[in-house]
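The values are calculated or read from the model by the stated rules, or taken from the named source; none is laboratory data. The structure displayed is predicted, hence computed values, not measured ones. Quick reminder, even Gly has a Cβ in these numbers, built from the backbone with ideal geometry, and neighbours come from all protein chains shown.
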Amino acid sequence: MLKRAVITGMGVVSPNGIGKTAFCQAILAGKSGVKKITRFDASDLPVQIAGEIQDFNELDWIEAKERKHVSRCVPLAIAASAEALNDAGIDPAKLSLDQQREIGVALGTGGGAHDFTDQQYHLYYQGKIKQVSIFTIPSGTMGTMSSEVSMRFGLRGPSHVVTTGCTSSTDAIAHALREIQLGVQSVMLVGGADAPLAWGIVKAFTLMKIMTQSWNHAPERGSRPFNLDRDGFVVAEGSWMFVLEEYEHARARGAKIYAEIAGYGSTCEAFHRVRLQECGEEPARAIELAMKEAGISPANIDYVNLHGTSTDLNDRIETRALKLALGERAAKVPMSALKSQIGHPQGACGAAGVAATLIAMQHSSIPPTINLENPDPECDLDYVPELGRKAEIEHAICNCIAFGSKNSALVLRRVI
C-alpha cells in the first residue's frame, strides 16, 4: 500500500514578498511584484519589465567569495529552503547522521544557471579571462543546483534536479511524492527556483515574440492572464520550497500539516516545441490522471490554481482543457492565476502555484487574478478577477503547461 505524503513546511522568495508571511499578505491583497528591470540595463530591449526581487540580499545566504561561482538561483533556493525547514520544525544543525540521510532534495528549475553561464560568456568575450569562474562547468549545469542545497544543510538523501520547462517544479514535487509513497524516503525538501533575469535570456524571449512589450510604462499591469488585450508573459524569478513528509512520520513528531499531495498526472502532446494543440486534450488528461490518483471526481474540486501565462494561446487552451477535464463543474469552480501578480518564474511556477494554493486553503481565501479588466470571450470561466474571495477548499488542482508539449497537474487535499 502506498504511503501518504503531506506538506509540513513552506518557504518563499517571491517578487511580491520575501518570506511566506509577506507572500501570503501580498497574494491575498492582489499585490503585483512586477517592476522595471534594475538587474541590468534593459533600455535597449523592447521588454523592460520583470518579476524582479529587488530587496533580496544574496550575501545573507551565501558568502561573497562563493557567490561569483554560482547562479542567483542558489541563494534563492537556499533562502526558501531555510524557511521551509524552520517552518517544519527541522533544525539541520541538530540532525544526526541517520536523520541527515533521511532527508532528500528535489529541485525543479527551467533555466537553472543560464544567468550564470550568460555572465561567464560575457566575461570571456570581453577578454576578462581571469574573472571567469573556475567552476563554470559544474555551476553552469543544472544538475548541481540541488547539491548546493544539500551541502548547505548537510542533507545526505538523494539530491535530484528535475528540469522539464515550466512543469519542472510540479514534476519535482511529484518525484518527491513517489519517493515518499514508495517508502524510499521519509522526508523530502522539494520545490522550485529560477532566476532568468539576464540580458541574453530576455533578448532571446523577445525574439520568440512571447513577452509583452506593451506595459513598460506601467509594469504592475503587464501580466494580464485571460484579458482580451494580453500579448505575452512577463518573465520572473523566485523560489518556493516545501518540506514533504510521510504522513505518519509527520504525525509522530507533531508537525503541523498544510495539505496532502493526493494525486499527480503528467502527459505530453508530442506536438511542438512551444505551441499547444488547440483541442486541449492532453492538458485535460493530466488533470484527469491527477484526480484519478486522488480518488476524486470533478464534483470534489473546490479551486484551481491556473498556469495562466498571459499568452493568447496558453490562456485560451487552458480554459478549454479545464472544461474538458471538469465538464459542467468547470463553470462553477473558482480559479485564479498567480502569474498576474508575480509574472512567470519559469520552472519554479508550479511550486509558486502550490504555495498560493496552500495559503488559499489555510486562510479559506482565494487570491485574485489581477489585471483582468476585459476578459477574452473565449476565456469564460470564473477567474476570481481583481478581488479575492472567501471559500472553503478541501480539494484543489494546481495546473502547469510547458514548452515541449508537456502538461502536469497536482491535486492537493486538506488534512483534517
Is there a residue being crowded, with 18+ Cβ neighbours inside 10 Å, outside the structural domain of K339 (by TED's automatic domain parsing) and more than 30 Å from R413 (Cβ to Cβ) anywhere in the stretch 2-11?
no
Which of the residues belonging to the stretch 263-302 are in contact with a Gly (Cβ under 9 Å, 6 or more places away or on another chain) and within 22 Å of I103 (Cβ to Cβ)?
none
Just the residues that are within 25 Å of A348 (Cα to Cα), in contact with a Leu (Cβ under 7 Å, 6 or more places away or on another chain) and surrounded by fewer than 16 Cβ atoms within 10 Å (Cβ to Cβ), please, taken from the stretch 374-404.
E386
Of residues in the stretch 178-207 being surrounded by fewer than 20 Cβ atoms within 10 Å (Cβ to Cβ) and of a type in the set (D, E, K, R), the one nearest to the chain's Cα centre (by Cα):
R178
Residues to consider are S43, S81, S32; find the one that is assigned to a loop (DSSP other than H, G, I, E, B), assigned by TED's automatic domain parsing to the domain that holds R152 and either crowded, with 21+ Cβ neighbours inside 10 Å or touching a Pro at 6+ places or on another chain (Cβ under 8 Å) (or both).
S32
Six or more apart or on different chains, Cβ atoms under 8 Å: show the pairs whose first residue is in the stretch 29-41 and within 15 Å of S223 (Cα to Cα) and whose second is hydroxyl-bearing (S, T, Y).
S32/S223; S32/S340; G33/S14; V34/S223
Tally, over the stretch 217-275, of residues that are within 26 Å of G404 (Cα to Cα) and basic (K, R)
4
Checked N371, N407 against criteria (crowded, with 24+ Cβ neighbours inside 10 Å, more than 20 Å from the chain's Cα centre (by Cα) and either modelled with pLDDT of 95 or more or assigned to a loop (DSSP other than H, G, I, E, B) (or both)); the one match is N371
Buried (at least 24 other Cβ atoms within 10 Å of the Cβ) and outside any loop (DSSP other than H, G, I, E, B): is that true of V105 in this structure?
yes
Against the definition (among the hydroxyl-bearing types (S, T, Y), within 22 Å of D87 (Cα to Cα), touching a residue at least 60 places away in the same chain (Cβ under 8 Å) and not assigned by TED's automatic domain parsing to the domain that holds F226), how does S365 come out, yes or no?
yes
Can H175 be described as touching a helix residue (DSSP H, G or I) at 6+ places or on another chain (Cβ under 8 Å), surrounded by 17 or more Cβ atoms within 10 Å (Cβ to Cβ), at pLDDT 95 or above and assigned by TED's automatic domain parsing to the domain that holds Q100?
no
Entirely in the stretch 219-322, the strands (runs of 3 or more DSSP E) that have 3 or more residues that are under 21 Å from G110 (Cβ atoms) and in contact (Cβ under 8 Å) with a residue 24 or more places away in the chain
238-246, 259-268
If you scan the stretch 335-380, which residues turn out to be within 27 Å of G110 (Cα to Cα) and among the hydroxyl-bearing types (S, T, Y)?
S336, S340, T357, T369
